[in-house]
Amino acid sequence: MAPEFTPGKTRIGWIGTGVMGKSMCGHLIAAGYSAVVFNRSPEKAAALVQMGAVLAESPAAVAAASDVVFSIVGYPSDVREVILGARGALQGAKPGTVVVDMTTSEPALAVEIAERARAQGVHAVDAPVSGGDVGAREARLSIMVGGEKEVVQALWPLFEKMGKTIVHQGPPGAGQHAKMTNQVLIASNMIGVCEALLYATKAGLDLETVLQSVSSGAAGSWSLSNLAPRMIAGNFEPGFFVEHFLKDMGIALAEARRMKLALPGLALAEQLYRAVEAQGLARKGTHALLLALASLSAIEWKPVNQA
């Protein structure tokens, strides 16, 4: 029987309180859910503790005190550690607990987690998200969900506190495959956004003025509307880290190889982002690709207000 989750009664666990996790968990606390949280750097959970969350010493301790456990961490290796590890969530989860991994991770790992969870009477769902720091902060993420239909439906009220577009993609692993589709789209689109800004700059156009013309037409995209203004302002702080995007593209390329699928655009984007990494910008936002591409044409990028 599928679980039921209600504010004031359901106990929420949260593993990973970084750029996005902090806001996502905060929305659930604000909606009336009690929360137990874990982060490897406890100070990053301070804001949630101030909202009433209890800080736990391990993912297992989070699960032991929770009815549903969410995780959003960095890499598949982190997912494996916080869910399947010796002090992972499955070590503390009781039968009937639901474990929801919202990290962008490997589809095969999502399937493995679901199988391990099922063996001990625990439900597991993969639900990676798109929308970056702004989407997390404003509770308008796109959430791509893989798992048992009844469990996913039970989670719906919780997902609605974090996102605006929530779609059940299919069985375990399907959410991760949908997120890979999302990342393939973003990868090549980001090249186009950066190259367009460089072209406009070299042509002597006013960037903010040209954005008014192109952002609402056929060339429009989320990256153009949300990240191009940051590039123009010289703000390359992360909504989503370059190093995490490299991880995602690596997963997508590995899946493509497994499926004998040629994705040359994605391969090009991955190589260009390797250049971003080599220039010491791995901890900047994905839109820092602009700086690597600018260097190819010996352009020194200057914020509009410093031009």
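With GLU195, GLU115, GLU148 as the choices, which residue is in contact with a strand residue (DSSP E or B) (Cβ under 7 Å, 6 or more places away or on another chain), of a type in the set (Asp, Glu) and over 19 Å from ILE15 (Cα atoms)?
On the way: GLU195 fails: in contact with a strand residue (DSSP E or B) (Cβ under 7 Å, 6 or more places away or on another chain); GLU115 fails: in contact with a strand residue (DSSP E or B) (Cβ under 7 Å, 6 or more places away or on another chain).
Only one candidate passes the filter, namely GLU148.
Residues that are modelled with pLDDT of 95 or more: which helices (runs of 4 or more DSSP H) entirely in the stretch 203-244 hold 3 or more of them?
Per the criteria, 207-214, 228-233.
Taking the conditions exactly as written (in contact (Cβ under 8 Å) with a residue 12 or more places away in the chain, crowded, with 18+ Cβ neighbours inside 10 Å and not assigned by TED's automatic domain parsing to the domain that holds ALA256), does GLY52 satisfy them or not?
Numbers: in contact (Cβ under 8 Å) with a residue 12 or more places away in the chain: yes; crowded, with 18+ Cβ neighbours inside 10 Å: no; not assigned by TED's automatic domain parsing to the domain that holds ALA256: yes.
Against the criterion (in contact (Cβ under 8 Å) with a residue 12 or more places away in the chain, crowded, with 18+ Cβ neighbours inside 10 Å and not assigned by TED's automatic domain parsing to the domain that holds ALA256), GLY52 does not qualify.
When GLY88 is evaluated against the numbered criteria (1) among the small types (Gly, Ala, Ser); (2) surrounded by fewer than 22 Cβ atoms within 10 Å (Cβ to Cβ); (3) in contact with a helix residue (DSSP H, G or I) (Cβ under 8 Å, 6 or more places away or on another chain); (4) modelled with pLDDT of 95 or more, which criterion, by number, is the only one it fails?
Going through (1) among the small types (Gly, Ala, Ser); (2) surrounded by fewer than 22 Cβ atoms within 10 Å (Cβ to Cβ); (3) in contact with a helix residue (DSSP H, G or I) (Cβ under 8 Å, 6 or more places away or on another chain); (4) modelled with pLDDT of 95 or more one by one, GLY88 breaks only (2).
If you scan the stretch 227-270, which residues turn out to be surrounded by fewer than 16 Cβ atoms within 10 Å (Cβ to Cβ) and either in contact with a Lys or Arg (Cβ under 8 Å, 6 or more places away or on another chain) or of a type in the set (Phe, Trp, Tyr) (or both)?
Selection gives GLY234, GLU237.
Given the options ARG137, ARG87, ARG80, name the one that is out of contact with any Leu (no Cβ under 6 Å at 6 or more places or on another chain), in the same structural domain as SER23 (by TED's automatic domain parsing) and within 20 Å of PRO238 (Cβ to Cβ).
Values: ARG87 fails: within 20 Å of PRO238 (Cβ to Cβ); ARG80 fails: within 20 Å of PRO238 (Cβ to Cβ).
After applying the criteria, what remains is ARG137.
Looking at ALA119, ALA139, ALA154, ALA174, which one is under 13 Å from VAL100 (Cα atoms), surrounded by fewer than 21 Cβ atoms within 10 Å (Cβ to Cβ) and not charged (D, E, K, R)?
Numbers: ALA119 fails: under 13 Å from VAL100 (Cα atoms); ALA139 fails: under 13 Å from VAL100 (Cα atoms); ALA174 fails: under 13 Å from VAL100 (Cα atoms).
Just one listed residue meets the conditions, ALA154.
Need the failing condition index for GLU106 against (1) on the phi < 0 side of the Ramachandran plot; (2) touching a helix residue (DSSP H, G or I) at 6+ places or on another chain (Cβ under 9 Å); (3) surrounded by fewer than 18 Cβ atoms within 10 Å (Cβ to Cβ), just the number.
Just one mismatch for GLU106, condition (3).
Could we say that LEU268 is in a helix (DSSP H, G or I), more than 30 Å from ILE72 (Cα to Cα) and in contact (Cβ under 8 Å) with a residue 40 or more places away in the chain here? Before you say what the answer is, go through the steps one by one.
Values: in a helix (DSSP H, G or I): yes; more than 30 Å from ILE72 (Cα to Cα): no; in contact (Cβ under 8 Å) with a residue 40 or more places away in the chain: yes.
In short, no.
Output the number of the condition that HIS168 fails; it satisfies all remaining conditions of (1) touching a helix residue (DSSP H, G or I) at 6+ places or on another chain (Cβ under 9 Å); (2) within 27 Å of ARG80 (Cβ to Cβ); (3) touching a residue at least 24 places away in the same chain (Cβ under 8 Å).
Failing condition for HIS168: (3).
Take the residues in the stretch 57-72 that are buried (at least 24 other Cβ atoms within 10 Å of the Cβ) and either hydrophobic (A, V, I, L, M, F, W, C) or without any contact (Cβ under 8 Å) to a residue 24 or more places away in the chain (or both), then tell me which one is nearest to ALA282 (Cα to Cα).
Quick first cut of the stretch 57-72, residues buried (at least 24 other Cβ atoms within 10 Å of the Cβ) only: 59, 62-63, 66, 68-72.
Within this subset, residues satisfying the condition of being either hydrophobic (A, V, I, L, M, F, W, C) or without any contact (Cβ under 8 Å) to a residue 24 or more places away in the chain (or both) are 62-63, 68-70, 72.
Numbers: VAL62: 31, ALA63: 32, VAL68: 33, VAL69: 29, PHE70: 26, ILE72: 19 Å.
Out of the qualifying residues, it is ILE72.
Within the stretch 285-304, work out how many residues are surrounded by 19 or more Cβ atoms within 10 Å (Cβ to Cβ) and of a type in the set (S, T, N, Q).
1
Being surrounded by fewer than 19 Cβ atoms within 10 Å (Cβ to Cβ) and among the basic types (Lys, Arg) is the filter here; which residues of the stretch 1-27 pass it?
Of everything in the stretch 1-27, those that are surrounded by fewer than 19 Cβ atoms within 10 Å (Cβ to Cβ) and among the basic types (Lys, Arg) turn out to be LYS9, ARG11.
Condition first: over 20 Å from ALA136 (Cα atoms) and part of a strand (DSSP E or B). Now tell me which residues in the stretch 2-60 satisfy that.
Of everything in the stretch 2-60, those that are over 20 Å from ALA136 (Cα atoms) and part of a strand (DSSP E or B) turn out to be ARG11, VAL54, LEU55.
Just for the stretch 28-43: of the residues that are hydroxyl-bearing (Ser, Thr, Tyr) and within 18 Å of MET162 (Cβ to Cβ), which one is surrounded by the fewest Cβ atoms within 10 Å (Cβ to Cβ)?
Here is the first cut: in the stretch 28-43, the ones hydroxyl-bearing (Ser, Thr, Tyr) are 33-34, 41.
Narrowing the set further to residues that are within 18 Å of MET162 (Cβ to Cβ) leaves 33-34.
Working: TYR33: 25, SER34: 19.
Only one residue fits best here, namely SER34.
Assess whether VAL111 counts as being of a type in the set (A, V, I, L, M) and under 18 Å from the mean Cα position of the chain (by Cα). If you could, list the steps in order and put the result at the bottom.
Details: of a type in the set (A, V, I, L, M): yes; under 18 Å from the mean Cα position of the chain (by Cα): no.
No, not satisfied.
The values are calculated or read from the model by the stated rules, or taken from the named source; none is laboratory data. What you see is a predicted model; the values in this text were computed from it and never measured. In this analysis, Cβ positions are derived from the backbone assuming ideal geometry, glycine residues included, and neighbour counts consider all displayed protein chains.
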